[in-house]
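What follows is calculated from the coordinates using simple rules that are stated; it is not laboratory data. No experiment lies behind these values; they were computed from the predicted model shown. No Cβ is skipped: glycine too gets one built from the backbone with ideal geometry, and neighbour counts run over all protein chains shown.
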Amino acid sequence: MSRRLKSAVLVPLVALAAVPALAHADRTPTGAEAKAIATAAKVPARCLKIRVSTVNEAYAGIWRRNLKKGCEKYQADGIAVYKKGHHGWKFVTAGSSFDCPVPGTPKAVAKDLGVTCHN
């Protein structure tokens with residue numbers, strides 16, 4: 001491969017790698033976090049999808065759309081946002097459609113957790 005062709009291929013790839021990700025970057029909770037958040041939500045952890053914000057790890061989002069056996073009674077649409085404080089995880093807000101700003105949730109955290117709002 002010629003030097004010119006290598007440059008034509010590599011330069012755009014390097015530039016693309018330098019662009020920050022546009023999607024949210026939340027993370028899977030640790031075992032201790034999952035247990036504590038599930039306890040606060042009063043739902044078994046196995047019945048939840050839990051994501052912790054990487055923008056501010058004091059915030060987490062939970063979804064109750066798990067179809068595992070025994071989880072049916074916990075089903076719900078939307079997301080619930082929890083915040084970790086001095087005394088553990090506390091409920092902040094929940095819903096499937098939010099007006100902006102999302103109540104009690106910093107804008108960057110809402111975006112990170114994939115919570116959308118409408119004006």
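General observations
- Criterion violated by Asp99 - all others in (1) within 17 Å of the chain's Cα centre (by Cα); (2) closer than 12 Å to Val115 by Cα satisfied: (1)
- Selected residue [surrounded by fewer than 17 Cβ atoms within 10 Å (Cβ to Cβ) and not hydroxyl-bearing (Ser, Thr, Tyr)] from Lys73, Lys84: Lys73
- Whenever a residue of the stretch 46-65 is touching a residue at least 24 places away in the same chain (Cβ under 8 Å), its partners that are hydroxyl-bearing (Ser, Thr, Tyr) and in a strand (DSSP E or B), lying with C-beta atoms within less than 9 angstrom and at least six residues away or across chains, give the pairs Val52/Tyr59; Ser53/Tyr59; Tyr59/Tyr82; Ala60/Tyr82; Gly61/Tyr82; Ile62/Tyr82.
A quick yes/no check of all residues on (1) in contact (Cβ under 8 Å) with a residue 12 or more places away in the chain; (2) over 21 Å from Pro29 (Cα atoms); (3) out of contact with any Gly (no Cβ under 9 Å at 6 or more places or on another chain); (4) not in a loop (DSSP other than H, G, I, E, B):
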residue: Lys73; (1), (2), (3), (4): no, yes, yes, yes
residue: Ala80; (1), (2), (3), (4): yes, no, no, yes
residue: Lys84; (1), (2), (3), (4): yes, no, yes, yes
residue: Pro101; (1), (2), (3), (4): yes, yes, yes, no
residue: Ala108; (1), (2), (3), (4): yes, no, yes, yes
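- Tally, over the stretch 34-70, of residues that are more than 13 Å from the chain's Cα centre (by Cα) and surrounded by fewer than 16 Cβ atoms within 10 Å (Cβ to Cβ): 10
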